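Structure, as structure tokens:
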Amino acid sequence: MRGLHSLRLVAGLLTACSLATLAPAAVAGAQSAGAPARASGQPAAERYDVLLRNGRVLDGTGNAWVRADVGIRGDRIAAVGDLRTATAATVLDAEGLYVAPGFVDTHSHAGGGLATRELSGARQLLAQGLTTVFVNPDGGGQVDLEAQRRALLANGVGVNVALMVPHGSVRGEVLGMQDRAPTAAELRRMEELVQRGFDAGAFALSSGPFYAPGSYAKTSELVALARVGARYGAPYQSHIRDESDYTIGLLAAVEEVITVAREAGTRGVVTHAKALGPNVWGFSAAIVQRVERAREQGVEVFADQYPYDASSTSLAAALLPRWAQAGGNDSLKVRLADATQRARIIAEMHENLARRGGANRIQIASYRADTTLEGRTLAQIAAARGAEAVPTALDLVTRGSASIVSFNMDDEDIERLMVQPWTMTSSDGDLVPAGRGVPHPRGNGAFARKLRKYVVEDQVVDLASAVRSMTSLPASVYRLPDRGVLRAGAHADVVVFDLATVRDRATFEDPHQIAEGMVHVLVNGRFAIRDRKFTDAKAGEVLRRQ
């Protein structure tokens, strides 16, 4: 942790200086925006639908909190400031509570769950203070975004949803699982599908060149498709090609995102940034150096991060070499039937398992073929069978799709990336029904965990900066108009939380417990949580890029 204390001290001094200069003007502007009209020298009492009084207002910009009132009319914030003469249909005392913009998750796998009747209310997300989620990350998800929009709206939706165009799915539709470059005609077809997605209101192009079939794309293909998004002012978000030393290496993979952003003329986002596995622990310092250098050169590069030391993916993605997956499952079975290729696959799986720290660091999260294995480590399963870990893993992969939790990160890397001013907060979480599998707890706890562990307990980052990473920063990077800030005219996505009780309850052993500490949550001006109770209002929208 050497250096982090000094970094926080400097950041604190800079924040204090900025507040001394800017906060009074900001508050004055906020007060004037909502100032009641005056007649005959007497103030006329403004009336709002909702009035939050006496809260510690964090406006989302990184400024320290100020005591203020927030007036909401319809789906918009009407005023922020001294509203002591105002009245409202609903008046709530926020004394001792923090009032902030609704949190934004830049990398969420909740899209499928939100499209179901059971999970459309988004309780697990709202309990963390989330009011907007970005779906279709890692290059996966639906290609037809209009159909996805209709599915999300069919049952109503509890949070706002922003769609991304998934590169891997687009490539799969045109090229399937072929490991080759597209022809000129095929690239044009991919460009057309990407453009169709942006015409449907998408906010970003997502890619996952770590995963097949996105892994079969060269950088030039990613640049060409990111240029389509750039015409719409949309960034390029990437699960980078290598978060460890599988192929090109972690740092070269970060450089690939920088290259795409530079050549496409857009913003690049290294999504769920990490240094995965013992072979690259400590590399966060080099990631920071490369991002800072690119930014000094005028390239807009950002990152997002979830606050855990474990990742989650499929067992196949973690251990199988990509060449073995080319052509799909039938082709994989043919290769495994060939003794020479099978031996090569097993040898490379041994290397990949070592990259993740061994079989005791891999826990089965979901396995429909045998649910009794869920929650057990690969080492435990292999020992019960009297077998080695890699043949056991290969047997699981060939029998069905297994998702895993992989414990592979170092605290120092997590903290170093977290304190960067260009790092946003994300979950990378799924929306899973209670009792199904043993998924990563991030889907139920990521945002609350950052506030509890990294703000309150470990004091890695201050509260205002943490809230900024969840609100105005992602709204700025992804061009979410009038969201991510508390100011007059902004959409009324608002959270009111008790910092003393905010916490993630989900654990790796019991991940289905939802977070706590959100007293009120409003989505587009309507209460989704009021007095710590869900209203099931489903006031969310499927947003369109403007």
Exercise. Can you tell which of ALA488, ALA446 is in contact (Cβ under 8 Å) with a residue 40 or more places away in the chain, among the hydrophobic types (A, V, I, L, M, F, W, C) and not in a helix (DSSP H, G or I)?
Worked result: ALA488
For this session: Return the total of residues in the range 105-133 being open to solvent by less than 20 Å² (accessible area, probe 1.4 Å) and under 14 Å from LEU163 (Cβ atoms).
Result: 9
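Sort out which residues of the range 340-360 are open to solvent by 80 Å² or more (accessible area, probe 1.4 Å) and in contact with a helix residue (DSSP H, G or I) (Cβ under 9 Å, 6 or more places away or on another chain), and write them in order of number.
Step one: filter the range 340-360 for residues open to solvent by 80 Å² or more (accessible area, probe 1.4 Å), giving 340, 342, 344, 350-351, 360.
Result: ARG342, ARG344, HIS350, ASN360.
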For this session: With the condition kept exactly as written, say whether any residue in the range 309-320 is over 30 Å from ALA383 (Cα atoms), among the polar types (S, T, N, Q) and within 24 Å of the chain's Cα centre (by Cα).
Result: no
Problem set entry | Every residue from the range 153-182 that is surrounded by 24 or more Cβ atoms within 10 Å (Cβ to Cβ) and assigned to a helix (DSSP H, G or I) | HIS167, GLY168, VAL170, ARG171
For this session: Collect the residues in the range 363-382 that are modelled with pLDDT of 95 or more and out of contact with any helix residue (DSSP H, G or I) (no Cβ under 9 Å at 6 or more places or on another chain), keeping them in residue-number order.
Result: ALA365, SER366, THR371, THR372, GLU374, GLY375
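Go through the range 278-290 and count every residue that is under 16 Å from GLU415 (Cα atoms) and either in contact (Cβ under 8 Å) with a residue 24 or more places away in the chain or buried (at least 24 other Cβ atoms within 10 Å of the Cβ) (or both).
Keep residues of the range 278-290 that are under 16 Å from GLU415 (Cα atoms), which gives 280-289.
So of that shortlist, the ones also either in contact (Cβ under 8 Å) with a residue 24 or more places away in the chain or buried (at least 24 other Cβ atoms within 10 Å of the Cβ) (or both) come out as 280-288.
Total satisfying the criteria: 9.
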Problem set entry | Which listed residue is exposed (fewer than 14 other Cβ atoms within 10 Å of the Cβ) and either in contact with a His (Cβ under 6 Å, 6 or more places away or on another chain) or among the small types (Gly, Ala, Ser) (or both), from ALA324, ALA337, ALA316 | ALA337
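Being touching a Pro at 6+ places or on another chain (Cβ under 7 Å), buried (at least 19 other Cβ atoms within 10 Å of the Cβ) and not acidic (Asp, Glu) narrows it down to one of ARG468, ARG442, ARG449, ARG416, so name that one. Walk me through how you get there before you give the answer.
Working: ARG468 fails: touching a Pro at 6+ places or on another chain (Cβ under 7 Å); ARG442 fails: touching a Pro at 6+ places or on another chain (Cβ under 7 Å); ARG416 fails: touching a Pro at 6+ places or on another chain (Cβ under 7 Å).
Selected residue: ARG449, the only one of ARG468, ARG442, ARG449, ARG416 that is touching a Pro at 6+ places or on another chain (Cβ under 7 Å), buried (at least 19 other Cβ atoms within 10 Å of the Cβ) and not acidic (Asp, Glu).
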Exercise. Given the conditions (1) buried (at least 16 other Cβ atoms within 10 Å of the Cβ); (2) closer than 25 Å to THR507 by Cβ; (3) small (Gly, Ala, Ser), which single one is not true for ALA303?
Worked result: (2)
Exercise. Inside the range 374-401, can you point out the residues that are more than 29 Å from LEU250 (Cβ to Cβ), in contact (Cβ under 8 Å) with a residue 24 or more places away in the chain, not β-branched (Val, Ile, Thr) and not in a loop (DSSP other than H, G, I, E, B)?
Worked result: ARG399
Exercise. Any idea which of ASP370, ASP411 is surrounded by fewer than 16 Cβ atoms within 10 Å (Cβ to Cβ) and closer than 30 Å to PHE134 by Cβ?
Worked result: ASP411
Problem set entry | Qualifying residues in the range 503-546 (those that are open to solvent by less than 80 Å² (accessible area, probe 1.4 Å), farther than 17 Å from SER427 by Cα and among the polar types (S, T, N, Q)) - the one farthest from the chain's Cα centre (by Cα) | THR535
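The values are calculated or read from the model by the stated rules, or taken from the named source; none is laboratory data. Keep in mind it's a predicted model, so treat the numbers as computed, not measured. Positions of Cβ are backbone-derived with ideal geometry, glycine not excepted, and every protein chain shown enters the neighbour counts. Just the protein is used for accessible areas: all its heavy atoms, side chains included, with ligands, DNA and RNA removed. Shrake-Rupley method; radii C 1.70, N 1.55, O 1.52, S 1.80 Å.
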